[in-house]
1. How about the stretch 66-101: which of its residues are among the charged types (D, E, K, R), assigned to a loop (DSSP other than H, G, I, E, B) and touching a residue at least 40 places away in the same chain (Cβ under 8 Å)?
2. Quick one: in the stretch 18-50, which of the residues that are under 18 Å from VAL100 (Cα atoms) and among the aliphatic types (A, V, I, L, M) is farthest from the chain's Cα centre (by Cα)?
3. Taking the condition of being touching a strand residue (DSSP E or B) at 6+ places or on another chain (Cβ under 7 Å) and part of a helix (DSSP H, G or I), how many residues in the stretch 47-65 meet it?
4. So the check is Cβ under 8 Å with 6+ separation or different chains; which pairs have a first residue in the stretch 35-51 that's under 18 Å from VAL85 (Cα atoms) and touching a residue at least 12 places away in the same chain (Cβ under 8 Å) and a second one that's of a type in the set (A, V, I, L, M, F, W, C) and surrounded by fewer than 14 Cβ atoms within 10 Å (Cβ to Cβ)?
5. Scan the stretch 119-127 and tell me whether some residue there is modelled with pLDDT under 90, in contact with a strand residue (DSSP E or B) (Cβ under 9 Å, 6 or more places away or on another chain), over 13 Å from THR24 (Cα atoms) and part of a loop (DSSP other than H, G, I, E, B).
6. Which count do you get for residues in the stretch 28-39 that are modelled with pLDDT of 90 or more and surrounded by fewer than 16 Cβ atoms within 10 Å (Cβ to Cβ)?
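The values are calculated or read from the model by the stated rules, or taken from the named source; none is laboratory data. All values reported here derive from a predicted model rather than from experimental measurement. A quick note on method: Cβ atoms are made from the backbone with ideal geometry, for glycine too, and the neighbour counts reach across all protein chains shown.
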Amino acid sequence: MGSSFSSPHTAADDGYPPPSMVVTVDGYLLEYSLGVTAADVLAATAPGCVLCNSDKLLFDGYPPAVGPHEELDPGQIYFLLPATVLRRQLSGANVAALAVRASAAMTRTAAAPAEKRGRKWWRRMRVAPAV
């Protein structure tokens, strides 16, 4: 997916670093503040999943998992994927589906009213599957 999602934070400079975003297997968007590790995310979500950095997901490549003690980068998008995906190369269609899911999640987040977005350490939103 390259660097296409490296700067998703679109709010005016509010003095806070942009949150790290995690798109879950079932289509939710979670946002995390600074200091959250991959192990923290995995403990709070579905077992049997791995966390992958969107910039490292390339078609015809094996997706690398983020190390458990690695902190999430501010403004970066990550995907929770089933652990079985680590044994398969991603096809162009797989990468495109992930990009559409992330784009839909970011669009919904940006369109949400400011009072609903609040400064919580995480937030859940439902992301509709691509048609």
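1. Taking the stretch 66-101 as the starting set, the residues that turn out to be among the charged types (D, E, K, R) are 70-71, 73, 87-88, 101.
Add one more test, that the residue is assigned to a loop (DSSP other than H, G, I, E, B), and what stays is 70, 73, 88.
Answer for the stretch 66-101, where residues must be among the charged types (D, E, K, R), assigned to a loop (DSSP other than H, G, I, E, B) and touching a residue at least 40 places away in the same chain (Cβ under 8 Å): just ASP73.
2. VAL25
3. Adding up the residues that qualify gives 1.
4. From the stretch 35-51, the pairs are GLY48/ALA83; CYS49/ALA83; VAL50/ALA83; VAL50/LEU86.
5. Of the stretch 119-127, the ones modelled with pLDDT under 90 are 119-127.
Pick out the ones that are also in contact with a strand residue (DSSP E or B) (Cβ under 9 Å, 6 or more places away or on another chain) and you get 120-127.
Now drop any that are not over 13 Å from THR24 (Cα atoms), which leaves 120-121.
When the remaining residues are screened for being part of a loop (DSSP other than H, G, I, E, B), the result is 120-121.
Within the stretch 119-127 (the criterion being modelled with pLDDT under 90, in contact with a strand residue (DSSP E or B) (Cβ under 9 Å, 6 or more places away or on another chain), over 13 Å from THR24 (Cα atoms) and part of a loop (DSSP other than H, G, I, E, B)), the answer is yes, since at least one residue qualifies.
6. Of the residues in that region, 1 qualify.
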